[in-house]
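Notes follow the structure.
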Amino acid sequence: MKNKGITLISLVITIIILIILAGISVNLILGGNGLFEKAKSAKEKQEVATYLDRIEIARRRSRNCKRRRSNIR
């Protein structure tokens with residue numbers, strides 16, 4: 001009679017492969033250049049760009065106010 005079940009060796013090999021794949025995935029997500037670091041860096045760059053845009057808008061408004069004041073006098 002033939003056994004049609006999973007052998008212990010094939011089960012152990014499958015578990016080892018899954019552990020290796022999990023380790024690679026965790027490293028890609030949490031590593032020094034992982035997804036979280038890239039997302040954090042992108043967020044910081046976007047915030048800096050937003051602040052620079054706000055500063056430029058404030059400068060333009062300030063210039064417009066100075067021109068209006070000089071035209072009134």
Hey, could you check segment 24-48 for residues that are within 11 Å of the chain's Cα centre (by Cα) and not in a helix (DSSP H, G or I) and say which is surrounded by the most Cβ atoms within 10 Å (Cβ to Cβ)? Gly34
Are any of the residues in segment 33-43 modelled with pLDDT under 90 and among the polar types (S, T, N, Q)? yes
Given the options Leu21, Leu11, Leu52, name the one that is without any contact (Cβ under 8 Å) to a residue 60 or more places away in the chain and either over 22 Å from the mean Cα position of the chain (by Cα) or part of a loop (DSSP other than H, G, I, E, B) (or both). Leu11
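The values are calculated or read from the model by the stated rules, or taken from the named source; none is laboratory data. This structure is a prediction, so every number in the text was calculated from the model and none was measured. Every residue, glycine as well, gets a Cβ built from its backbone with ideal geometry; the counts of neighbours run over all protein chains shown.
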